[in-house]
Amino acid sequence: MERPKDLSITPRTAIIIIVLFHFVGLVGLLVPATRPLFLQLVPWHLLLMLLVIVLAHKNFDGKFVGFMALVFVSGIVLEWIGVHKKWVFGDYAYGEVLGIKILDIPLTIGINWFLLIYAAGVTMQRSRLMSIIPRVIVGSLLLVVLDLLIEPVAIRFDYWHWTDNIIPFKNYYCWFLVSAVMLFVFEKFGFKKQSIAAPVLLATEFVFFGVLSLVGLLGS
C-alpha cells in the first residue's frame, strides 16, 4: 500500500511543525489568560502530531498501519485495565482535557502511546546501539524519565489524577515494562531507518514538559 507522494512531508517540514506547535502550546499554557483555550486544544495537538508523524514516515504500508493500530488498541486496553482494575500503573482516573472517552478512557491516550513508542523506537533505531535489547532498555528508560516530567503537568492540568494525589512507584515500573514490550514489538516490525522527525518529537516533548514541570515547581 503505497502512499501518494503528495501526501508525504519532508523531515524538515515535520520538524518545523513539531517545534512550532509545541512552542506555541507551551506559551499558551504558561499564560493564565490563554490557558483554558489551549487546554481545549490538547486533543487536537495530539491529532496534529499523529498526522505529522504518519506523513513523515518512510515506506507507508500495511505493516506500519498494523503497528500503529496494535499500539493504539494495546494502549487503550492497558489504560482500561489500569483505571478499572488497578492492575497496571496504579489507582488513577482521567480528567476531561484529553477529550472524548470510551469507558472512561480518552481515545487520545492510545494516540499518545503510539507517538511515544514510535518516537522512542526511531530514536533508538538512529542511535549507536547495535542490538535490540540495549535499544529496548534505553528507550524504555527514556520514556520513564519523560513520564516523570509529564506526571506533575498532567495532574496540574487535569489530564488525569491519582487517588490521594500520590503517584505510586508501580506507575513507573509498569511504564518501563509496557514501554519495553511495545519497543520490542517496534523492533520486530523491522521498519527501515526513519528520519530525524520522530527523535525531534521526543526531544521536544522533553523540553515541553520539562519547562512546564519546572514552572509549576517554582510557582508552588
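The values are calculated or read from the model by the stated rules, or taken from the named source; none is laboratory data. All values reported here derive from a predicted model rather than from experimental measurement. Glycine gets a Cβ as well: all are built from the backbone with ideal geometry, and neighbour counts include every protein chain shown. Side chains are part of the model used for accessible areas, which takes the heavy atoms of the whole protein and leaves out ligands, DNA and RNA. Shrake-Rupley method; radii C 1.70, N 1.55, O 1.52, S 1.80 Å.
Would you say ASN165 is of a type in the set (S, T, N, Q) and on the phi > 0 side of the Ramachandran plot?
Yes: the conditions hold for ASN165.
Identify, from the list VAL71, VAL83, VAL42, the residue that is more than 17 Å from the chain's Cα centre (by Cα), among the aliphatic types (A, V, I, L, M) and within 30 Å of ASP104 (Cα to Cα).
The conditions single out VAL83.
For region 2-14, indicate whether the set of residues that are surrounded by 13 or more Cβ atoms within 10 Å (Cβ to Cβ) and more than 23 Å from LYS192 (Cα to Cα) is non-empty.
Among the residues of region 2-14, not one is surrounded by 13 or more Cβ atoms within 10 Å (Cβ to Cβ) and more than 23 Å from LYS192 (Cα to Cα), which makes the answer no.
Select from region 131-159 the residues that are at negative phi, surrounded by fewer than 21 Cβ atoms within 10 Å (Cβ to Cβ) and not in a helix (DSSP H, G or I) and list them in ascending order.
SER131, PHE157 - these are the residues of region 131-159 that are at negative phi, surrounded by fewer than 21 Cβ atoms within 10 Å (Cβ to Cβ) and not in a helix (DSSP H, G or I).
Within region 83-99, work out how many residues are out of contact with any strand residue (DSSP E or B) (no Cβ under 7 Å at 6 or more places or on another chain) and either free of Cβ contacts under 8 Å to residues at least 60 places away in the same chain or acidic (Asp, Glu) (or both).
Total meeting the criteria: 5.
What's the number of the condition LYS188 fails, among (1) at pLDDT 95 or above; (2) under 17 Å from GLY82 (Cα atoms); (3) of a type in the set (D, E, K, R)?
Status for LYS188: all satisfied but (2).
Any idea which of (1) open to solvent by 20 Å² or more (accessible area, probe 1.4 Å); (2) under 19 Å from LEU70 (Cβ atoms); (3) of a type in the set (Phe, Trp, Tyr) is the one TYR173 doesn't satisfy?
Failing condition for TYR173: (2).
Only one of these is modelled with pLDDT of 95 or more and in contact with a Leu (Cβ under 9 Å, 6 or more places away or on another chain): VAL181, VAL145, VAL138. Name it.
One residue alone meets the criteria, VAL138.
Determine if region 105-128 includes at least one residue that is surrounded by fewer than 18 Cβ atoms within 10 Å (Cβ to Cβ) and touching a residue at least 40 places away in the same chain (Cβ under 8 Å).
Scanning region 105-128, I find at least one residue that is surrounded by fewer than 18 Cβ atoms within 10 Å (Cβ to Cβ) and touching a residue at least 40 places away in the same chain (Cβ under 8 Å), so the answer is yes.
Given the structure, is ILE9 closer than 25 Å to PHE206 by Cβ, of a type in the set (A, V, I, L, M, F, W, C) and at pLDDT below 95?
Judged against the criteria, ILE9 is a match.
So which pairs qualify, if the first residue must be in region 53-79 and at positive phi, the second must be not β-branched (Val, Ile, Thr), the Cβ gap must be under 8 Å, and the two must be at least 6 apart or on different chains?
Close Cβ pairs satisfying both conditions: ASN59/PHE191; ASN59/LYS192.
Considering only region 88-96, I want to know if a residue exists there that is open to solvent by 70 Å² or more (accessible area, probe 1.4 Å), among the hydrophobic types (A, V, I, L, M, F, W, C) and modelled with pLDDT of 95 or more.
The answer is no, given that none of the residues of region 88-96 is open to solvent by 70 Å² or more (accessible area, probe 1.4 Å), among the hydrophobic types (A, V, I, L, M, F, W, C) and modelled with pLDDT of 95 or more.
State yes or no: is TRP162 under 30 Å from VAL24 (Cα atoms), open to solvent by less than 40 Å² (accessible area, probe 1.4 Å) and out of contact with any Leu (no Cβ under 9 Å at 6 or more places or on another chain)?
Judged against the criteria, TRP162 is a match.
Could you list, in sequence order, all residues of region 26-81 that are surrounded by 14 or more Cβ atoms within 10 Å (Cβ to Cβ), assigned to a helix (DSSP H, G or I) and aromatic (Phe, Trp, Tyr)?
PHE38, PHE64, PHE67, PHE72, TRP80
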